Structures are given as structure tokens and as C-alpha cells.
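Derivation of every value follows stated rules applied to the coordinates shown; laboratory data play no part. The shown structure was predicted, so the numbers you read here are calculated from the model rather than taken from an experiment. Reconstructed Cβ throughout: ideal geometry from the backbone, glycine too, with neighbour counts over all protein chains shown.
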Amino acid sequence: MRKIELRLPKLQQGTFLSRPNRFLAEVELEKGKRVRAFVADPGRLQELLYPGARVFLAHADGRGRRTDYDLRLVESDGNLVSVDSRVPNKIVAKALKAGALEPLSDYREIKSEPRTGAGRLDFMLTGKGLPPCYLEVKSCTLVRDRLALFPDAPTARGTRHLKELTTLKKEGYRSAVLFVIQHPGASSFTPNKATDPEFSRALHKASRAGVEVYAYKCLVTLEAITLGPRVMVTI
């Protein structure tokens, strides 16, 4: 697969202190400086963001922000994990444009956030002689014993997306969901039945209806996030 990466800005190391709400982290930088950082992932992240965890922040400029930093990476069991839920769509868009996702490489035209009957999905792909393909992308950070699990908190929105993909497939479109595992320690993927049985059932029904299910892991360093290999999916 062609190398697809997102370069990271200069990062500052810190120690995670607390999470006052799901979008905010309190972090201690060098010399005891305490700052607040934006957390772009609304998931629980309990296995990653705990007091004392080593984290990496990027300084963020922008008007109207309440924080001067974004929390980008977390160190976990010797791995660097991306906790920025904006990354998956960006890296998948880049891969689609480069024709680097083998199952979808024949599509040449990419539309972001197409409208559907139930709202919007992430992408619609079109190509000469091919059925239009609707694609939804999900960010996964929870990995246990090399098994990636999604979601890490109940997601009614995710279940709704799967039902919409299933409907579109039945209407004659091609449809797919792609899980981007932002943790390099994963070797396979499965839905998190214990945390969200409704999502798991929806994914099972979608797969049986012909919705394609893919999972790719990322390789993460302090310099870049690279789209890694496809991993096995068990539903």
C-alpha cells in the first residue's frame, strides 16, 4: 500500500492530570506549568487518559478557542496512540484521493459529507461503470490484548449510521464502514459487544446485508501518523 501519512506539528510532552469534561484535559508540562488542552475525541478513553499518563500536546492558534493546546497523543504500554478523532477522516480522504485503499481504489471522485435520507455520511465515491459507494469512517482507540474494540462508549449516532448504510445497500448502492484504529498495537478488530450491544447488532445486520466492513491500523510517531495495514475483522 502506498504510504499515506499526516505530519504532526511540534509536540510538547506533559503529564495528564484530569478531564473536567469530555472535551477538556488538564495537563502538567515541564517545570510544573499547568495548562488545559482540547480533547478532540469524545469517547471515554479511560484506558488511556488516567492521572499520570504521558501525553503530547500541540500548541493551537485560533480565535475563539478556550484552550491554547490540543491533546494529540498518549503513551500506552510503550505505544503512541492518537486521540484526535479528526485524524481518521483526514487520512482516509488522503488515501482515497491517492487510490491507496485497495478495496476502493477504482473510485476516482470523492464527495465529503453527502446527504442521505437520515442526515449525512462521511463520503460518497463515484467512478465510471461503478455503483456509487457510501462510506462511513469511525475512529477506534481501545485495544485490549491486541484486539481493537469499537465503541468505547455507547453510540446511538454510530448505530444510526450503520442502519443508514444498510438501507442504502438494500437500495442498490455500495456501502462500507471503515474503522481507523489509531493504536499501533492492534492485530484484529471486533465490535465492543459488552459496551454497546445495539451497535454490535447493527454491525452484524449490516454485514449480513452486504455492507462492507474494513479496519486499518495506524502507525504513530511523534512526527507523523501513517495509515498502516488492514487488519482482520470479526463480527
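Based on other C-beta atoms within 10 Å, arrange 166, 226 from fewest to most. Present the calculation step by step, with values, prior to reporting the outcome.
On the way: 166 20, 226 17.
The order, fewest Cβ neighbours first, is 226, 166.
Of the beta bridges DSSP finds with both residues in the chain, what % are antiparallel, to the nearest 5?
DSSP beta bridges in the chain are roughly 65 percent antiparallel.
If the elastic network links every pair of Cα atoms under 10 Å, which of 132, 88, 20 fluctuates the most in the Gaussian network model of the chain?
Evaluated over the chain, the most mobile residue of the options is 20.
Connecting C-alpha atoms closer than 10 Å in a GNM of the chain, tell me which of 62, 52, 185 has the biggest fluctuation.
62
For the range 47-85, run through the trypsin sites (Lys or Arg not before Pro) and keep only the ones in DSSP coil with at most 12 other Cβ atoms within 10 Å of their Cβ.
Working: sites: 54, 63, 65, 66, 72; in loops: 63, 65, 66.
The qualifying sites are 63, 65, 66.
Expressed as an acute angle from 0 to 90° and rounded to the nearest 10, what is the orientation of the C-alpha long axis of helix 197-209 relative to the principal long axis of the chain?
30
Mind sorting 181, 235, 4 by how few other Cβ atoms lie within 10 Å of their own Cβ, fewest first?
Placing the least packed residue first, the sequence is 235, 4, 181.
Using Cα pairs closer than 8 Å and at least 6 residues apart in sequence, work out the relative contact order for the range 1-53, in percent.
32
Using only Cα atoms, what Kirkwood radius does the range 5-81 have, in angstroms?
So the Kirkwood estimate lands at 12.6 Å.
If you average the alpha carbon positions of the range 105-132 and of the range 184-223, how far apart do those two centres end up, in angstrom?
Each part's Cα centre sits 21 Å from the other's.
Given contacts defined as C-alpha pairs under 8 Å and at least six residues apart, what's the relative contact order of the range 118-172, whole-number percent?
For the range 118-172, the relative contact order is 25 percent.
Counting only C-alpha contacts under 8 Å and six or more residues apart, can you give the relative contact order of the chain as a whole percent?
17
Magnitude of the Cβ-charge dipole of the chain, K/R +1 and D/E -1, about the Cα centre, nearest 20 debye? Before the final figure, lay out the partial values.
Working: 40 positive and 26 negative charges, 103 e Å.
It comes to approximately 500 debye.
Going by C-beta contacts inside 10 Å, put 112, 85 in order with the fewest on the left.
112, 85
So what's the range 28-164 giving for Cα Rg divided by 2.2 N^0.38 Å, two decimals?
1.26
Taking the chain as a Gaussian network, Cα atoms linked when under 10 Å apart, which of 122, 145, 68 shows the biggest mean-square fluctuation?
145
Out of [x] 8, 32, 35, 20, 5, 1, 0; [y] 6, 20, 23, 21, 14, 9, 5, 2, 0; [z] 8, 35, 40, 16, 1, which label holds the value of P(r) over Cα pairs in 10 Å bins from 0, in percent that was computed here?
[x]
Find, among the GluC sites (Glu not before Pro) in the range 141-235, those assigned to loop by DSSP (not H, G, I, E, B) with at most 14 other beta-carbon atoms within 10 angstrom.
On the way: sites: 164, 171, 198, 212, 223; in loops: 171, 223.
Answer in residue order: 171, 223.
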